[in-house]
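Read the structure below first, then the notes.
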Amino acid sequence: MGGTGLYVEALTRALMTMGHDLAIVFPSTEQTDPARQDHGLDLHPLVYKPAQKWRDTWDGPISPWRQWLDHWKPDVVHFHHLSGLPLGLIENTPCRTVLTLHDYAIPCARGQLVTDDLSACAGPSAKACTRCMSAALKSHPALVSAGRLLARFPALYRLGKRSLKSSRSPVHTDISERIDAAHRCIQSANVLLSPSMDLAARLAAMRFPEPGITELPLVRPISPFPNAEDGPVRFLFASSIIPTKGPDRLFQAFSKLEGTAELTIAGHAPEYPSHPGYADALKEKVNHHPHARWVGHIDPSEVENLMSNHDVLVLPSRWPENSPLVIREAAAGGLSIIASAEGGAGELADHAILIRDDDDLLQAMQNASNRGRTRHPPIKWPDPIQHATTLLETAYA
C-alpha cells in the first residue's frame with residue numbers, strides 16, 4: 001500500500017516491458033508455492049519462521065536467500081527494503097547489488113528516526129537505541145499483554161525487562177550488533193541510492209556511505225487537474241494514518257481556521273504499537289466536524305480523482321520523510337502543498353510551503369484558505385520507462 005511498493009511494481013513492469021526478466025522476492029512466514037504469478041508479476045517468497053527473539057528480525061538465516069540465488073541466478077539484485085529479512089542479505093549476494101533507501105529502516109530499528117514519544121532522533125547509537133527500543137515496553141505494558149506490540153516487535157517484552165544500566169547488558173549487546181550489521185549492510189551494496197538529498201546528507205552525518213541521488217518516477221500518469229470552481233478551499237491528507245505522519249496535527253490546525261474550509265483524510269490506518277487506538281480516536285473527531293470527512297483506505301487507482309477535487313495537499317510529518325510519491329502526484333496535478341520542513345518533501349516542489357511546528361502549520365493553512373482555490377503549473381517527472389532506462393545505463397550497468 002505504501003509508496004515503496006507502488007514504485008517497485010512500476011519499475012518491475014517497466015523493465016518487463018523492455019524485455020528483461022524480473023522476479024520480486026519478499027519475506028513470508030507461510031509455506032507457499034516457491035513462485036507464483038500475480039497480475040503478471042513473478043513473485044518469490046522467502047519463508048522465515050516468525051521471529052522468537054528481537055535479533056531474529058535482523059540476524060536471521062541466510063540459507064533461504066542463497067537457495068533462491070542458486071535457483072534464479074540473477075545478474076542484478078535491486079534491494080528496496082529489508083523489513084522482515086536479515087540485514088546480511090546484501091553482503092551474501094554474489095552478483096551486482098543496488099540498494100535504494102526509501103526510509104531509515106536499516107540504520108534505525110524503529111524505521112523513521114523517531115523515538116517512542118515521537119521526538120526526533122539524530123541517528124543510531126547503542127545508548128540511544130537501547131533507551132528508545134525499551135521505552136515502548138515500559139510505557140505501554142498493556143500492548144504486550146494484548147499481543148499487539150508482540151505481533152510487530154516479537155519478544156521485545158523480554159528486552160524491555162532487562163537492565164539498561166550496564167553497557168554489558170544483553171540489550172546493549174544486541175543493539176550494538178544490530179548497528180554494526182546495518183553498517184555492513186549499507187557498505188556492502190555495489191550501488192547505494194537515495195531519492196532525496198536530505199536522506200543522503202543524514203546518512204553521511206551518521207557516518208554511513210553517502211548515497212547517490214536517484215530521481216523517482218511518477219508511478220502512474222497524472223494529467224493536470226482542471227481549474228477549481230469557486231468555493232471553500234479543500235485540504236487533503238492522503239497517506240498512512242499513523243502518528244508519525246501527523247494527521248492529528250493537521251486536524252487540530254484545521255479546527256482552528258477562521259472562515260470556511262473543508263478537509264478530507266484518506267489513507268490506510270494500521271495499528272501503531274506505541275499509540276493504540278490512534279486512528280479510531282482521530283476518526284471519531286473528524287466525523288464529528290461538520291466540514292471534515294474521513295475516507296479511509298482508497299485504491300491507488302483512485303488517488304488522481306481524489307486529488308483533482310482538492311486544492312492543498314498537507315503532509316505535516318513528524319519524521320523526516322524521504323521523498324513521498326504522494327507529493328509528486330499532487331505536484332504533477334497542480335495542487336498547492338504544505339509539508340514538513342524536515343525531510344526531502346521540499347525538494348519536490350518549489351512552491352511547497354514548509355512548516356516546522358504547529359504554529360507554522362496553522363498559519364500556512366490560514367493563508368491558503370484566505371487565498372482561495374488555485375492551481376500551480378504542473379511539475380513533470382520521469383515516467384517508469386525513462387527511470388528504468390536510467391538505472392540500466394548507470395546503477396545496473
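Quick note: the coordinates plus some simple rules give every number you see, no bench work behind them. Owing to the predicted nature of the structure, the values given are computational and were not obtained by experimental measurement. All Cβ positions, glycine included, derive from the backbone under ideal geometry; neighbour counts span all protein chains shown.
Length gain on complete extension for the stretch ASN287 to ASP70, per 0.36 nm per residue less the alpha carbon to alpha carbon distance? Working shown, then result.
Working: separation 217, 0.36 × 217 = 78.12 nm, distance 5.36 nm.
Fully extending the segment from ASN287 to ASP70 adds 72.8 nm.
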Task: Net charge dipole size for the chain [Lys, Arg +1 and Asp, Glu -1 on Cβ; Debye, nearest 20] - done: 1480 debye
Open item on the list: On a full-extension model of 0.36 nm per residue, what is the gain between CYS95 and SER255, subtracting their alpha-carbon distance, rounded to one decimal in nm?
Closed with: 52.2 nm
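Among SER28, SER301, what is the fewest-to-most ranking by other Cβ atoms within 10 Å?
Numbers: SER28 14, SER301 8.
Ordered from fewest to most neighbouring Cβ atoms within 10 Å, SER28, SER301 come out as SER301, SER28.
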Task: Normalised contact order of region 233-371, rounded percent, pairs of Cα under 8 Å and 6 or more residues apart - done: 27 percent
Task: Value at 222 nm in deg cm²/dmol, rounded to 500, when DSSP H runs of n ≥ 4 in the chain each add -39,500 (n - 2.57) - done: -10500 deg cm²/dmol
Task: Kyte-Doolittle mean at least 0.0 and Cα axial length at least 15 Å: DSSP H helices in the chain - done: 3-17, 126-139
TODO: Would you give the gap between the C-alpha center of region 22-96 and the C-alpha center of region 332-355, rounded to a whole Å?
DONE: 35 Å
Task: Relative contact order %, the chain, counting alpha carbon pairs below 8 Å whose residues are six or more apart - done: 16 percent
TODO: Counting other beta carbons within 10 Å of each Cβ, put HIS289, HIS80 in order, fewest first.
DONE: HIS289, HIS80
- [ ] In nm, give the distance between the simple-model label positions of SER301 and ARG207, each being 7 Å from the Cα along the Cα-to-Cβ direction.
- [x] 5.0 nm
- [ ] Take the alpha carbon atoms of region 1-67, find their radius of gyration, then divide it by 2.2 N^0.38 Å using N residues; give the quotient.
- [x] 1.29
Task: Whole-percent pair-distance distribution, where bins are 10 Å wide, for the alpha carbons of the chain - done: 4, 21, 30, 27, 14, 3, 0
Task: Leading residue at positive end of dipole, the chain (Cβ point charges), from LEU306, GLY60, THR264 - done: GLY60
- [ ] Quick one: give the max-minus-min coordinate of the C-alpha atoms of region 233-371 along each principal axis, largest first, in Å.
- [x] 36, 33, 30
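With 10 angstrom as the radius, rank ARG184, ARG220 by how many other C-beta atoms surround their C-beta, starting from the fewest.
Numbers: ARG184 12, ARG220 17.
Starting with the residue having the fewest Cβ neighbours, the order is ARG184, ARG220.
Quick check on region 289-391: what does the Kirkwood estimate of hydrodynamic radius come out to from the alpha carbon pairs, in Å? Walk me through the intermediate numbers first.
On the way: mean 1/r = 0.0674 Å⁻¹.
Kirkwood hydrodynamic radius for region 289-391: 14.8 Å.
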- [ ] Among the aspartates and glutamates, select those whose C-alpha is under 17 Å from the C-alpha of LYS49, and discard any that sit fewer than 8 residues away in the same chain.
- [x] GLU30, ASP33, ASP59
